[in-house]
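The values are calculated or read from the model by the stated rules, or taken from the named source; none is laboratory data. Keep in mind that what you see is a predicted model, and the values were worked out from it rather than measured. Here the Cβ positions follow ideal geometry from the backbone for every residue, glycine too, while neighbour counts run over all protein chains shown. Each accessible area value is taken on the protein alone, full model and side chains, heavy atoms only, with ligands, DNA and RNA left out. Shrake-Rupley method; radii C 1.70, N 1.55, O 1.52, S 1.80 Å.
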Amino acid sequence: MTGPELRIVSDPSSVQRVDWEAWVMNHPCGTVFHLPGMYEAFLNTRNWKPVLLLALNESGGLSGVLLAVVQREPGVIKGHLTARSVIFGGPVADNISTVRALLKEYMKVIRGKAIFTQVRNFTTPDEEMKNAFVEAGFSYEEHLNIRVDLTVPEAEFWKGIKQNRKAGINKARKQGFTFRVTTDDSVTESFHRLLGSTYSKTGLPYPDITFFRALSEHLQGELRWFILEKDSKPGIILAAFVSKNTLWIFYPGIDQSQDFLRLRPVDLFYWEVMRWGMANGVKTLDWMGAGRPDREYGVRYFKQQYGGELIMSGRFQAVHRPLLMMIGKTGVSLLKLKGKKQ
């Protein structure tokens, strides 16, 4: 409760699902990551637990959504030492006072559930939003993102791609790759094997397969599988979202064998993803992160070579359990856990 005119509730049944969906889709800052389907996917993922707060106005209508997910690694001890909360896209609300109310309530309910919270912005927060987070107990750190305009003609877009990527695309075109897009969840297991191969190189955690199965069930209208095959065998599978004319590059699984990578399949794959977007009415491709500006980041260099606008989306972070945060940094490498999907 925050007063007679605004109520903060955690029960998803407090609003009709269709009304929740419509509100998010009509809100200029609403994204796929605020939809009830995302809440349901988090709810059905092993070792994850959503934290949902809904702001209701005096007539019971939706006025704001804050959706976080507490992620833990498998195992009792490891789970305790790795509990972190992630908020994709931050809270979305009708006004800044509702944002403040959501953040105030969130800081109460997250206590004891996570070591820290990280808010991963997609666009640049204004000063009013930054102040609201700082007042709630968050700190701000610089973090980059890249958004690509897919409304330009393909020939013009091609001119903006850097020569190194063009060379890779042209080489891969001669290797007999095939590209396709599907909503069929039968690719989930192949995708998750490739995802495991990709993340084994970094030592970073990645979602359990139950997350992607749940996405297929609860966000079937938004989820797309982009696939690059050679000799009918998938070498790259990307789990992405298409929502509100935006294509979100979420989790890519890539065969890490040198025999595969030397053919430059990744260069061709993302070009085909962008071509598909242009042909299917997508206006913007969101890379969902490009690292910190003060650190060298090869992935950012790769992404920039396809063009697009580099923006300072920033991140907010709040530490709820400083001692466990310190233990995690020194003993369980929470530094790797806290900063990355991207």
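Cross-link list 78/303; 166/283; 49/201; 201/303; 201/233; 108/283: which exceed 29 angstrom alpha carbon to alpha carbon? Show your work: numbers first, answer last.
Numbers: 78/303 33 Å; 166/283 22 Å; 49/201 27 Å; 201/303 19 Å; 201/233 21 Å; 108/283 38 Å.
Cα-Cα > 29 Å for 78/303; 108/283; rest within.
When the expected Rg is taken as 2.2 N^0.38 Å, what fraction or multiple of it is the alpha-carbon Rg of the chain?
Numbers: Rg = 20.2 Å, N = 342, 2.2 N^0.38 = 20.2 Å.
In units of the globular-protein estimate, the chain measures up at 1.00.
Residue 66: accessible area at probe 1.4 Å, nearest 10 Å²?
Approximately 0 Å² of residue 66 is accessible to the 1.4 Å probe.
Accessible surface of residue 105 in the full protein assembly, 1.4 angstrom probe, to the nearest 10 Å²?
Using a 1.4 Å probe on the heavy atoms, I get roughly 40 Å².
Want the number for residue 123 to residue 26: 0.36 nm per residue separation, take away the alpha-carbon distance, what's left? Intermediate results must be reported in sequence, preceding the final value.
Details: separation 97, 0.36 × 97 = 34.92 nm, distance 1.75 nm.
Between residue 123 and residue 26, full extension yields 33.2 nm more.
For helix 17-26, report the angle its Cα long axis makes with the longest principal axis of the Cα atoms of the chain; keep it between 0 and 90° and round to the nearest 10°.
That helix lies at roughly 70 degrees to the long axis.
Could you give the length gained on full extension between residue 309 and residue 80, defined as 0.36 nm per residue of separation minus the Cα-Cα distance, in nm? Numbers along the way, then the final one.
Details: separation 229, 0.36 × 229 = 82.44 nm, distance 3.88 nm.
In short, 78.6 nm is gained.
Please give the charge dipole size of the range 64-159, origin at the Cα centre, charges +1 on K and R Cβ atoms and -1 on D and E Cβ atoms. Round to the nearest 20 debye. Don't skip to the answer; put the middle values down first.
Numbers: 12 positive and 12 negative charges, 144 e Å.
Once rounded to the nearest 20, the dipole reads 700 debye.
Using a Förster distance of 22 Å, how high is the FRET efficiency between residue 279 and residue 193, based on the Cβ-Cβ distance and rounded to 0.05? Intermediate values should be presented prior to the final figure.
Working: r = 29 Å, r/R0 = 1.32.
E between residue 279 and residue 193, to the nearest 0.05, is 0.15.
Can you give the FRET efficiency for residue 180 and residue 149, using 1/(1 + (r/R0)^6), R0 = 30 Å, r = Cβ-Cβ distance, to the nearest 0.05?
The calculated FRET efficiency here is 0.75.
Taking the Cα centre of the range 150-215 as origin, work out the dipole magnitude from +1 charges on Lys and Arg Cβ and -1 charges on Asp and Glu Cβ, in debye rounded to 20. Walk me through the numbers before you get to the answer.
Numbers: 11 positive and 6 negative charges, 116 e Å.
Around 560 debye, computed over the range 150-215.
For residue 242, what accessible surface area do you get with a 1.4 Å probe? Give it in Å², rounded to 10.
30 Å²
Can you tell me the 0 to 90 degree angle between the C-alpha axis of helix 209-218 and the longest principal axis of the chain, rounded to 10?
Its long axis makes an angle of about 80 degrees.
Binned at 5 Å from 0, what are the whole-percent values of the Cα-Cα distance distribution for the range 23-124, short to long?
With a bin width of 5 Å, the distribution comes to 2, 13, 22, 25, 18, 11, 5, 3, 1.
Once label points are set 7 Å from the Cα along Cα→Cβ at both residue 164 and residue 111, what is their separation, rounded to one decimal in nm?
Label-label distance for residue 164 and residue 111, simple model: 5.0 nm.
Could you calculate, for the range 162-314, the ratio of the Cα radius of gyration to the Kirkwood radius, expressed as Rg to Rh?
Details: Rg = 15.2 Å, Rh = 16.2 Å.
My calculation puts Rg/Rh at 0.94.
Pop a pseudo-label 7 angstrom from the Cα along the beta-carbon direction at both residue 217 and residue 261 and give the gap in nm to one decimal.
The two pseudo-label positions are separated by 3.5 nm.
Could you tell me the center-to-center distance, by alpha carbons, between the range 172-228 and the range 10-64 in angstrom?
Cα centroid of the range 172-228 versus Cα centroid of the range 10-64: 25 Å apart.
What length, rounded to one decimal in nm, is gained on full extension from residue 201 through to residue 10, with 0.36 nm per residue of separation minus their alpha-carbon distance?
Working: separation 191, 0.36 × 191 = 68.76 nm, distance 3.80 nm.
Between residue 201 and residue 10, full extension yields an extra 65.0 nm.
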